[in-house]
Structure formats: structure tokens, C-alpha cells
Amino acid sequence: MAIGFAKEGFLGSRGTLALSAFDTFLRPRLTPGVQGPFQRSQSQGINVGWNYAASNGDVIGLNFGLSRSVTEYTLNQPPTTAYSQPIDLQSKTSIHSLGLGWAHDAGAQNIQLTSSVSGGWLGGSENLLKAKTEYGHIYPDELFNHRNSWAFRTTISGAGSYKGDMPLYARFFSGDDLVRGLRPGELGPYQTFATVSPTGATTYSAVPTGANLLAASNLEYRVPLTHTIEAATFLDAGSGFLLQNWLGPTRPTLIQSTNGLFHSTTGFELRWTLPILGAPVRINYSFNLLRLNRTLLQQDGSSTHLHDPLGALGWGLGPLF
């Protein structure tokens, strides 16, 4: 959840000053009856950004952010007494970050490069380096219909800790925002997750652990039906890695066979541009071409079956790219 304001022509220059406030939260997606440990994370903060139009198609941006994050853990005690209660732990993080970016928009072509650093001389308790690059291009269909078009996008994102642990909220839990048809976290690897029941029995399962290096590409063929309605067929592909050397001292029990798996989906999408907002509502159905479908053996001898759905119905507000 976010809200933002911008002032163009700040102090009579070609620069734009922007202020935004946000509140993000992460909750575990667990099956009914599963006992802790649980992990919940919430971040709140403000960003102040300044963009300068270096040319008609190039913009240089500088961003400074202040935020705080609270991560809560719930652990079940072994049932030594009838009065044993879960233990609630809390970890607080303050974030001071500085970012620099460059964007090139030539109409049919779009390039973005961004990077940021937090901690160090900026202060705060988070010490991370982040970077993202994105390239997109739209080509008119010269063969069948000039009104139709081919659209392509590729993006690479990375984040790592240069001091201390990389917090959970800093990982990428990506899904259909990069590869349509995947749920949040399914583009990245899985980790072994141990839960303790009230009787003291330990159960092992596999849950998405997030990624700190992502790469994805999208290819679309777009067909405008009316002034506000557009249809498209798409082919998405991507992969997520959790590089443990970028995490710091504390590292999850990673399931290596799921790290860096290549995912690919195809399908069709219908878009309707809202009259007042000017933003499209997207409805799509995707088919998994390359999907996760394997059985893993856990530490206690039990097995866990991980699989992505064969097909999925999805929707979104705003353009994917």
C-alpha cells in the first residue's frame, strides 16, 4: 500500500521532486493446522526522490528513503508442562537508503538502470546493496497488421548484504509479477521448514524461501480490439536464485534442487483501460510449460510433493510492462 505526490518543474528547473509513503507486509501461506515457528514482517516508511530530465528521453533520478521494519517470530515450546505457551520474538530494523537511477524512454524502447545502498555512513541497521536493470521494446507487426505489435521485456534484479544478515523482507518473493501463472514466491527456490506440534513432534515441509537474484523475460503479441480493449498472447520465462554468500551469517536450509529452476508459461490476456484512471485491468489465463513437479525426501523420512499448477487464472491492475 502506497501513496505518492510529485511536483514537476521544482524551483523552475527541469527536475521533479516526489514524496511517497508506503506500508508493506509479508504473511506466511501455510496449510490449516500447521504449528509454528511463524514469521511475519511489516515495513513502513517514506521516500523522497528527485528526477532530472537530462534530455527529451533520458531521466536521472536520486532517491533517499527512511523506513522501519518489524519481523515477528512465534515459536512453540516443547510441552514440558501443561502451561507451556508459544514464545513471541520481535526483531526491529531501521533502514536509511540512497538510490541512483537512469531511465531512457524513446517511445517504443525503454531502458532502466537503478541501484541503491543502505547502512554504512547513512546510518540504520540494514546493510544492503541492490541493483536492477530492465529493457523493453515494442515492434509493430509489419507482416500481418501494422496496428498489432510485438512487445518484449527482460529484467534482472539482485540484492545482497555486505555486513550482517540479509533480512527476510529484502528477498524477492516474485510470482506472476514476472512470470504469469506463478504464485508469490514460486519463481524462487524452496527451503526446508520445521514445525513443532503441541505434542512435541517435529514435522518438515517445503516453503518458498525467496530469492536475491532474479531474471525474467516476457514476449507478447498485442492486438487492439477497440479504443480501450486489447488482447494479447504471451510467453513468459524466468528463474530465481538464492545465493547464500549474499545472505550473511544466517542462512536457511535451502533445497538445492529447487534453486535456479527455469519456469516458463504461455497463455492469453485481455485488457480494458479504465476510463477515469487510465490504467488497464488485466485478466489472463496461463499454461505452465516448464513447471516444478517433483517429490522431495525430508530429514525425518517423509516426502513432500512440490508442483506448480498446470494452468492458472490471474488478474491485475496496471500494465505488466
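The values are calculated or read from the model by the stated rules, or taken from the named source; none is laboratory data. Keep in mind that what you see is a predicted model, and the values were worked out from it rather than measured. Cβ placement follows ideal geometry from the backbone for every residue including glycine, while neighbour counts extend to all protein chains displayed. What goes into the accessible areas is simple: the full protein's heavy atoms, side chains included, and nothing from ligands, DNA or RNA. Shrake-Rupley method; radii C 1.70, N 1.55, O 1.52, S 1.80 Å.
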Condition first: open to solvent by 40 Å² or more (accessible area, probe 1.4 Å) and under 22 Å from Ala194 (Cβ atoms). Now tell me which residues in segment 280-301 satisfy that.
Arg294, Thr295, Leu297, Gln299, Asp300, Gly301
Mind checking which residues of segment 215-238 are touching a Gly at 6+ places or on another chain (Cβ under 8 Å) and open to solvent by 10 Å² or more (accessible area, probe 1.4 Å)?
Ala215, Ser217, Thr233
If we scan segment 293-300, do we find a residue that is of a type in the set (A, V, I, L, M), out of contact with any Leu (no Cβ under 8 Å at 6 or more places or on another chain) and touching a residue at least 12 places away in the same chain (Cβ under 8 Å)?
no
Restricting attention to segment 56-64, does a residue exist that is at pLDDT below 95, out of contact with any strand residue (DSSP E or B) (no Cβ under 7 Å at 6 or more places or on another chain) and either surrounded by fewer than 18 Cβ atoms within 10 Å (Cβ to Cβ) or farther than 25 Å from Leu17 by Cβ (or both)?
yes
Just one of Arg180, Arg222 is outside any loop (DSSP other than H, G, I, E, B) and touching a residue at least 12 places away in the same chain (Cβ under 8 Å); which is it?
Arg222
Restricting attention to segment 242-273, which residues are more than 20 Å from Ala216 (Cα to Cα), surrounded by 17 or more Cβ atoms within 10 Å (Cβ to Cβ) and of a type in the set (D, E, K, R)?
Arg271
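For every residue, the table says whether it meets (1) at pLDDT below 90; (2) touching a Phe, Trp or Tyr at 6+ places or on another chain (Cβ under 9 Å).
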residue: Leu143; (1), (2): yes, no
residue: Ala151; (1), (2): no, yes
residue: Gly158; (1), (2): no, yes
residue: Leu168; (1), (2): yes, no
residue: Asp177; (1), (2): no, no
Among the residues of segment 167-205 satisfying the criterion of being in contact with a helix residue (DSSP H, G or I) (Cβ under 9 Å, 6 or more places away or on another chain) and crowded, with 21+ Cβ neighbours inside 10 Å, which is nearest to Gly316 (Cα to Cα)?
Gly188
